[in-house]
Amino acid sequence: MNNNKNIYIFVAGFIALSFASCVTQKYKQPELKTENLYRGISSTDSTSIADLQPSVLFKDEALRALIQEGLSNNLDLKSAIERMRIAQANLTGSKLAFLPTLTADVSVADNKQSSAALNFPSGVNINTETQLYKAQLSASWELDIWGKLASSKRSALASFLQTDAAKRVVQTQLISNIANAYYSLIALDQQLKITEQTLKVREKSVETIKSLKEAGIVNGAAVVQSEANKYAAEVSIPDLKRSIRETENALSILLNRPAGQIQRSNIDNQQVYNDLNTGVPSLLLKNRPDVQQAEFAFRAAFENTNVAKTYFYPSLTLTANGGLSSLKLQNLFDNSVFYNIVGGLTQPIFNRGQNKVRLETAKANQQIAFNDFQKAILTAGSEVSNALYAYQTAIEKETSRAKQIASLQKAVEFTEELLKYSSATNYTDVLTSEQSLLNAQLSAVNDKLQKLQAVVNLYRALGGGWK
């Protein structure tokens, strides 16, 4: 008997799965073109710097400590983890939907009828009162013959994985933001240092010009111009200090600490990682968390379309209840058992087009999610290309910038000497040379910053930082 029962269950399950396969579809990752995704770059190597740990990419100990602090304390990352917990709860709920519901009910019903209601003769006043005591269990179970519950569970799973990918997006962006802010901070430190050194030189230049005026070599206009040149350097220092303070405060927010000073090294000590392997573009599908997030969103939308299709087909629900019932409480457990089992098949016929609207909406959302998935891939490829090109242009500027600074240093020296010992030049030439030298030195710092941040941005663009 048990063997026959098992066979019936197996056949019923097989039939249900067959019906489900006719209505719902199995998800397959869509084919996306990744060839030539990196502009001007062709690579067949599967090695990528995205596989590196941040401690390998970043050699600065102070920066490593800040990144670790951010990963432990950042509020955005903590919120992303909480969103994962919400998605996990929804996933658990979708799994429990396969189980029957079970409720317990204990009740007492009091029923009273008058003599008039009972059709007794006039003048006879008899009231009848009875109590019904009942204790019962009720169960309901919807058979997933069309795959609605299974698709709902897969949609919930995709949504959970989407929140997991979103958490990794926050993590990779956090590492990038901390590193870029740190490099900006030490670049500002260097620019402040250069400007302060320039100010000291110009203060001495003012004294020199005053001496030259007393010797009759230059006039009063040169003295005024030299003082204005000094003030030009002096007035830029407060703005640099303000930028340093604001960058420290922004970095403190990323670390979830009150605004304060950030311990740091200097830009001269930075070692730029130069083994910039990108790997093949298709690696973005498994390395880049925002691309994975977009795919999981598409997958959830795909399963929601499956769910919408099942509403056009009948649902089969089994309900059962049973318990004890008696007119007297003391007899509740004496031969007062009742039960019933009902199987119901509900077929939608007319519901004001809600099923059609539900399906059309689900299909539209699925297409939107697919478009977002494609856009995520294209955006990732563009960001990789931009970061690599920024690194390449920074390299190209290094040699030329060094030559420019060397030439300007000589120009300043020559014009100052000519001003002292001959009339072949005037102080305007000296001013021009000094200002050009300062601008070139500050630009050299920006070149180094561009190089450092290009590596950080490439690391993030390739999906590094979460493994």
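The values are calculated or read from the model by the stated rules, or taken from the named source; none is laboratory data. Nothing here was measured: the structure is a model prediction, and the numbers come from that model. Glycine gets a Cβ as well: all are built from the backbone with ideal geometry, and neighbour counts include every protein chain shown. The protein model used for the area step is the full one, side chains on, heavy atoms only, and it has no ligands, DNA or RNA in it. Shrake-Rupley method; radii C 1.70, N 1.55, O 1.52, S 1.80 Å.
Can you give me the accessible area per residue for segment 357-441, using a 1.4 Å probe, in Å²? Please report the intermediate quantities before stating the final value.
Values: 4900 Å² over 85 residues.
Ligands and nucleic acids excluded, the figure is 58 Å² per residue.
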In terms of Cα to Cα distance under 18 Å, which lysines are near enough to LYS213, apart from those fewer than 8 places away along the same chain?
-> LYS204, LYS230, LYS420
Arranged from highest to lowest average of other beta-carbon atoms within 10 Å per residue, in what order do the peptides 137-148, 358-369, 398-409 appear?
-> 137-148, 358-369, 398-409
Integer Hz, Karplus 6.51/-1.76/1.60 couplings in order for segment 259-266, x for Gly and Pro | 4, x, 6, 10, 6, 7, 9, 9
P(r) for segment 374-467: what percent of alpha-carbon pairs falls in each 5 Å bin, starting at zero?
-> 2, 13, 16, 13, 12, 9, 9, 7, 6, 5, 4, 3, 1, 0
Note, segment 173-181: 3J(HN,Hα) by Karplus (6.51, -1.76, 1.60, θ = phi - 60°), whole Hz, Gly/Pro = x, goes 5, 4, 4, 4, 5, 5, 5, 5, 5
Computed over segment 202-247, Cα set: Rg, Dmax in Å = 14.5, 48
Hull-based mean projected area of segment 31-109, where the convex hull spans the alpha carbons, in square nanometres | 13.0
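Which value in Å is the Kirkwood Rh of segment 155-277 over different Cα pairs? Intermediate results must be reported in sequence, preceding the final value.
Values: mean 1/r = 0.0541 Å⁻¹.
Answer for segment 155-277: a Kirkwood hydrodynamic radius of 18.5 Å.
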Taking a threshold of 22 Å on the Cα-Cα distance, which of the pairs LYS33/LYS286; LYS59/LYS200; LYS33/LYS451; LYS95/LYS375; LYS28/LYS286 fall above it?
-> LYS59/LYS200; LYS33/LYS451; LYS95/LYS375
Whole-Hz Karplus ³J(HN,Hα) for segment 362-376, in order, using 6.51 cos²θ - 1.76 cosθ + 1.60 and θ = phi - 60°, x for Gly and Pro?
-> 5, 5, 5, 5, 5, 5, 4, 5, 5, 4, 5, 5, 4, 5, 4
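Dividing the convex hull volume of the alpha carbon atoms of segment 232-327 by its residue count, what do you get in Å³ per residue? Provide the component values of the computation, followed by the final result.
Numbers: hull volume 40.8 nm³, N = 96.
So the per-residue hull volume is 425 Å³.
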Alpha-carbon centroids, segment 365-439 and segment 214-290: separation in whole Å = 14
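Sort 259-272, 224-237, 435-448 for me by packing, meaning the mean count of neighbouring Cβ atoms within 10 Å per residue, highest on top. Could you put the intermediate results ahead of the total?
Numbers: 259-272: 13.1, 224-237: 16.5, 435-448: 18.1.
So the order, starting with the most tightly packed, is 435-448, 224-237, 259-272.
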Name the residues of segment 423-467 whose amide N is less than 16 Å from a point 7 angstrom out from the Cα of ALA221 along the C-beta direction?
-> 423-432
